[in-house]
Amino acid sequence: MTEEIFDTEEAIPETPEVVPRSSSVIEFHRPHLRFYKDPESDPNQGKLILEPLQKGYGQTMGLSLKTVLVSQMPGQCIKRVRVEGLDHRYSRIKGIKEPLRVILMNFSRIIIRAADPLEIGRYELSLRWPAEGPVPDPISTSKGEVLYPLTARYITGTPLVACDGGQAPLAVVNPEGIICHLEDPGAKLDMTLIVESGVGYVMADPASDVGNEFMVNQHYTPVLDVAFDIEDARVGQDINFDRLTLDIRTNGAMRPETAVKIAAELIKRQYEPLAAIPVASDFPEEIFKMVREERQVENKNLDISIKELEFSVRSRNCLEQENIRTLGELAQKRASELLAIKNFGKKSLNEIRDKLSQYGLNLTDDDGSGLDFDLDDDVDAGDEDDDLDLLGVVDGDEAVDDEAVDDEAVVDSDDGQDETLGGI
C-alpha cells in the first residue's frame, strides 16, 4: 500500500513575511509538496508531486532535478582493491574460479551505504578467507563442478561496526552480492577494500594500478532511475498552472526523499550567486511573496451543467441570462451579485444555496453560518415584505413569482430551447 511520507501542508509552517513600506509585493502561489513510498513493494522507490507551479516551471524544475539526481549525487563505493601476492589485474588466485579482473567487476556491484551521505571520508574494509563462520553452501555447475560462493557478507572491518552504541559509518546494502567462487574451501584470499566518496560514475583506468593495488569501476551515485511528468494543475477555476510528478528509484544507499532534498540543495546553491547580484535601481525593491493556496478537496461536480439540474424556471432563466452555465461558475458568485440580477429574488437565492449544498459547494461569501434568508420568518412577521414576496417584488426589483404568473408563463421545450406562451 502506498504510504504518504510527508506533506508540506503540515510539515512546513508559515514564515512571517516582512515587507518594507516602500516595496511592492509580487505574489506567487506557494507550491504544495507530497511524497509517497510503497514500503511493501519497493522501499527504494518514491513519487513526488509538486503543485501548483507557475506555467513552464514544471518543465524547468523537473529537468534540473533529473539532471542533478542522475549525474551529480554523492555517494560511497569501493574505489580500489589491494590483493596480497598479485601484481597484475589479469592474474589468477589459486583456488578461486574467477580471474582478478572479474572479481574487480564484482566489487563494483557491491553497494555501500554511509551514515552521512555528504561526509567525505576514506575507509578500509577486508575480505579474507578462511574467515570466521560456516563454509558457504556448495553449488553445482552444469559441468559438474562444485563451487562455494563467497558473498559480500564476508566483508569485515571497523567501519561496519557501530561504536559506543552509535550508528556504524558504513553498511553493505547487498550482502548477498557474489564476489567470487571458491573451487577449494581451503583456498586463501586476502584483500583490502578501500572505500571513498565521490560523485556520479567513474570508469577504472588500468594505468592507475599501482603495485598490488587495483582500480575498480566506481558507482558513486545512489540513484538508478528518474522520470518526471508535467500536467495541468487547478487553482480555483484557473488551470493555467503546472503539476510536477517525479518518480525516483535508488539502489538502497540513500532514501529517495533524501536524494531529492540533496539535489534541491545543490541546485539552490548554484543559484545563490545570481540572487546576490547587487542591483542599483530608482524603482522600489520588489519583494516576491509566496502565498499558500487554500486547498480544498477537488469537487468533481464543478462541471455539471445548470440545465441538468432541477432549478425553477425563473432561477434557471436568470442564470442563463448572466451566462452562468455550470455549478463551478455559480459557486464563484456572491449572493449580492445574484440578487442584482433582474427578476432574481430571495426565494431563488435560497434555492441556489440549497442546490449547491447538495453537491458540497457554496457561494463565495457563504460560510455556512446561517446566511440564508428565512422566508417563513418573513411571512409570520406580518410586515410589508409579505405583500412584496407574494407579488415577486424584492429590494425594489420587479420579479414574477413562479406560482403567480398571470400574463405569461415560461416553459422549457423538448429541444432545450425556452419558449414563451402568452395568455395562459
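Throughout, read-outs are computed from the coordinates displayed, never taken from laboratory work. Given the structure is predicted, the values throughout are model-derived calculations rather than measurements. Positions of Cβ are backbone-derived with ideal geometry, glycine not excepted, and every protein chain shown enters the neighbour counts.
Exposure proxy shown here: for PHE28, PHE214, PHE241, the number of other Cβ atoms within 10 Å sets the order, fewest to most, as PHE28, PHE241, PHE214.
Remark on ALA204: its backbone amide H falls under 5 Å from those of ASN217, GLN218, a criterion applied only to residues 5 or more positions apart or on other chains, H modelled at 1.01 Å from N.
If I model a spin label as a point 7 Å beyond the Cα along the Cα-Cβ vector, how far apart are those points for VAL102 and GLN167 in nm? Inter-label distance under the simple model: 3.8 nm. For the stretch 74-219, rounded, prolate or oblate, judged on the Cα gyration tensor with a ≥ b ≥ c (square roots of eigenvalues), a/c < 1.5 rounded, else prolate if a/b > b/c? Oblate, because a/c is 1.5 or more while a/b does not exceed b/c. As a calculated quantity, the FRET efficiency between ALA115 and SER305 at R0 = 56 Å, using C-beta atoms, amounts to about 0.40.
Ranked by the mean number of other Cβ atoms within 10 Å per residue, highest first, peptides 269-275, 100-106, 86-92 order as 100-106, 86-92, 269-275. Working note: Karplus 6.51/-1.76/1.60 with θ = phi - 60° gives the stretch 339-346 the couplings 5, 7, 6, 4, 6, 9, x, 5 Hz, where Gly and Pro are set to x. The string of couplings for the stretch 271-277 from the Karplus curve (6.51, -1.76, 1.60, θ = phi - 60°) is 8, 4, x, 5, 6, 9, 5 Hz, one whole number per residue in order, with x for Gly and Pro. Only lysines eight or more places from LYS347 in sequence, or on another chain, were considered; those with a Cα closer than 18 Å are LYS333, LYS355. Taking amide H positions as modeled 1.01 Å from N, with prolines and chain starts lacking one, the residues under 5 Å from HIS181 and 5 or more places away or on another chain are LYS97, GLU98, LEU150.
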